[in-house]
Amino acid sequence: MQSIKVWDPLVRVFHWSLVAAFATAWLTADEWQSVHEVAGYGVMGLIAFRLVWGLVGSRYARFRQFVRPPAATLGYLNEVCHRREKRYLGHNPAGAAMVLALLAGLSLLTLSGWLYVTDAGGDWLEDVHEFIANALLGLVGLHIAGVIFTGLRHRENLIKSMFTGTKRPPDGDDVA
């Protein structure tokens with residue numbers, strides 16, 4: 001079967017490193033504070049990298065390739081509800097909105113954690129930090145559900161493509 005490169009190695013390493021860092025931070029939040037903080041700084045560094053790579057990276061990594069206005073995202077979701085959405089080679093509008101939500105949420109999460117450990121704020125920051133982490137866990141679940149749903153709808157293993165970087169070539173009405 002033919003395939004084309006979509007996700008460059010840096011996007012893939014970023015993605016799975018972020019998964020590992022977030023999971024580590026989540027799992028060590030109560031018991032291993034030093035590991036939790038190192039994982040948090042790792043998330044912070046990964047987000048900084050992704051923001052830069054979103055400006056200068058490969059075609060499908062660039063924000064200008066996939067960021068769309070809210071009306072376009074709502075239109076896409078309407079098409080999904082009516083089972084007539086197009087297949088996107090890169091991020092579809094809903095996936096793009098999720099990328100932005102996760103990047104924004106992770107930025108707020110790391111900022112609140114950093115402010116808390118540097119004593120820049122009171123104990124209320126710990127509550128804010130925990131609330132953001134829980135909200136992000138919900139977004140991660142929604143992200144995974146969206147990947148599975150989209151993969152089934154378009155008969156494509158999107159999880160595999162985040163390991164290999166490849167997808168099947170566009171055809172018909174697909175958006176490249």
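Against the chain, whose longest principal axis is taken from its Cα atoms, helix 124-153 shows a tilt of about 20°. Just to be sure I understand: with springs between alpha-carbon atoms less than 10 Å apart, which residue in Arg50, Arg155, Arg59 has the highest mean-square fluctuation in the Gaussian network model of the chain? Of Arg50, Arg155, Arg59, the most mobile in the Gaussian network model is Arg155. Specify the angular offset, from 0 to 90 degrees and rounded to the nearest 10, of the alpha carbon long axis of helix 9-27 from the longest principal axis of the alpha carbons in the chain. Between the helix axis and the principal axis of the chain, the angle is about 40 degrees. Of the peptides 126-135, 92-101, the ranking by mean beta-carbon count within 10 Å, highest at the top, reads 92-101, 126-135.
Between the labelled values (i) 147, 38, 30; (ii) 109, 39, 29; (iii) 56, 31, 27, the entry that holds Cα extents along the principal axes in Å as derived from this structure is (iii).
I'd like to compare 36-49, 68-81: which one has the highest average count of other Cβ atoms within 10 Å, and what's the full order after that? Could you put the intermediate results ahead of the total?
Working: 36-49: 18.1, 68-81: 13.5.
Result, highest mean first: 36-49, 68-81.
Only four residue types carry charge here, +1 at the Cβ of Lys and Arg and -1 at the Cβ of Asp and Glu. Report the dipole size of the range 4-167 about the Cα centre in Debye, rounded to the nearest 20. Working shown, then result.
Details: 15 positive and 12 negative charges, 338 e Å.
Using Cβ point charges on Lys, Arg, Asp and Glu, the range 4-167 gives about 1620 debye.
Helix 93-117 and the longest principal axis of the C-alpha atoms of the chain enclose an angle of approximately 10°.
No value in this document is a laboratory result; all are computed from the given coordinates. As the structure is a prediction and not an experimental result, all values here were calculated from the model. For neighbour counting, all protein chains shown are included, and Cβ atoms are generated from backbone atoms with ideal geometry for every residue, glycine included.
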